[in-house]
Amino acid sequence: MKRTTGQDRSITASWRPATQAIRAGTWRSEMGETSEALFLTSGYTYDDAATVAARFAGEEDGMTYSRLQNPTVQMLEERIAILEGAEACRAQASGMAAMTTALLCQLSAGDHVVAAKAAFGSCRWLVDNLLPRFGISGTTIHASDNAAWEAAIKPNTKVFFFESPANPTMDVVDLEFVCALARKHGIITVVDNAFATSALQRPLDFGADVVAYSATKMMDGQGRVLAGAVCGSQDFIDNVLLPFQRNTGPNCAPFNAWVVLKGLETLDLRIHRQSENALKVATFLEARVPRVLYPFLESHPQFALAKKQMKAGGGILSIELDGGRKQAHALLDALQLVDISNNIGDSRSLMCHPASSTHHGVGAETRADMGVGEGMLRLNVGLEDPEDVIADLDQALAAVGL
Ligand SMILES: *Cc1c(COP(=O)(O)O)cnc(C)c1O
């Protein structure tokens, strides 16, 4: 393998994000391929027994087994790390593999976690159901309320865990305040940055310790594969995350890593266009539905904060209807262009009813607590011409009396 300038941090760190997203992390084989090579291999061979011993002893760099290293996956890890401004990154099989690994690698029985109430359903399930089984307690709070973070801290609080913007309520968390508070108390912040991605918001720049991703969403960007990533300091990745990951195996498959590498090449283009489209759609919807939740609308309760910490509002918005589940389902059924789908980050516009899909599993009580109502719909605004998306929403709203 030949290292390209893409492997040299002293060079890649000075590139702008759109350049990093295309070139950072690239290795080339002897063939000189332009597009990254896909190494579909689980194992590696060695010239002699001494080489195996040296690699396992950590005395020599090189591949040993794809649960530990894979060249395609490593290209993705380096690219995500440089985009995020992180010292290191490890790719994961999915966003949930990333969240589970980021939490379990550093928590032990007796520890306490403070987490945002409003979160992706499975993230909330981890805090409410999985962690307690291992003796790790959790307090869930309204994450946009700075005072609530401070009030929830206990002597054994080890981790703050939240998303911003949150799925699907679009609550925005004050990254600078919450991360500084955590630092003061020796607490590690784990930020799920799936909605914004590094192209719109880099939590580490605001003092976060760990950024965890569903790369399935905006990073792939075309709805093809599941993948995830955890970014942090070299010390955290090597000494806290890696011992857990290499022995439990939530690794990203090389094929999926390759697809995400291709997706990242257009991340900057896509997320800015999707943000522009989403703002147009959100503005149209504001005149037609009781409530639109989108960080870059002036009506968003944390509009000023969103403007401060995000470069654009992202491709996702939620709306609230007064007619409950019945009207929300009727609107979905009236769509002709926008698909009914619970995925996000896709180039296609997709709409779902969180209460009966992504947030079904957390239960009605938790949904009410986190602000996911029966009349809420979440819309991923894709890369289609926004006028066509607006026309479809226009006819579907009319069909349900709005
Ligand atoms: C989708 C999503 C996840 C889970 O990611 P998968 O790749 O589906 O496992 C976690 N957090 C957020 C905010 C998400 O949107």
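Return one number: the angle in degrees, 0 to 90 and rounded to the nearest 10, between the long axis of the Cα atoms of helix 267-286 and the longest principal axis of the Cα atoms of the chain. Around 10 degrees separate the two axes. When only Cα pairs below 8 angstrom with a gap of at least 6 residues are kept, the chain shows a relative contact order of 16 percent.
In summary, the convex hull built on the alpha carbon positions of the stretch 268-399 has an orientation-averaged projected area of 7.7 nm². Counting only residues at least eight positions apart within a chain, or on another chain, the lysines with an alpha carbon under 26 Å from that of K117 are K154, K158, K184, K217, K307, K308, K311, K326.
Eigenvalues of the Cα gyration tensor times 5, then square-rooted: what semi-axes does that give for the chain, in whole angstrom, largest first?
Values: eigenvalues 261, 131, 67 Å².
After scaling each eigenvalue by five and taking roots: 36, 26, 18 Å.
Counting only GluC sites (Glu not before Pro) that DSSP places in a loop and that have at most 13 other Cβ atoms within 10 Å, the longest clean stretch of the chain runs over 61-297. Relative contact order of the stretch 293-395, taken over Cα pairs closer than 8 Å and 6 or more residues apart, is 31 percent. Near S341, once Lys and Arg are set to +1 and Asp and Glu to -1 for all other residues with Cβ below 11 Å from its Cβ, the sum equals 0. In order along the stretch 86-99, the phi-based Karplus estimate (6.51 cos²θ - 1.76 cosθ + 1.60, θ = phi - 60°) of 3J(HN,Hα) comes to 9, 5, 8, 8, 10, 6, 10, 5, 7, x, 5, 4, 5, 5 Hz; Gly and Pro are listed as x.
Amide H to amide H, with H built 1.01 Å from N, G223 comes under 5 Å of S347, counting only residues 5 or more places away or on other chains. As a rough guide to protection, the peptides 219-225, 105-111, 165-171 ranked by mean Cβ packing within 10 Å, highest first, stand as 165-171, 219-225, 105-111. Between amide H atoms placed 1.01 Å from N, distances below 5 Å from E36 occur with no residue 5 or more places distant or on a separate chain.
Tell me which chymotrypsin sites (Phe, Trp or Tyr not before Pro) from the stretch 115-152 have a DSSP coil assignment and no more than 13 other beta carbons within 10 Å of their own. Walk me through the numbers before you get to the answer.
Details: sites: F120, W125, F134, W149; in loops: F120, F134.
Qualifying residues, ordered by number: F134.
Computed from the coordinates by the stated procedures, all read-outs in this text should not be read as laboratory data. The structure presented is a predicted model; accordingly, all values stated were derived computationally and were not measured. No Cβ is skipped: glycine too gets one built from the backbone with ideal geometry, and neighbour counts run over all protein chains shown.
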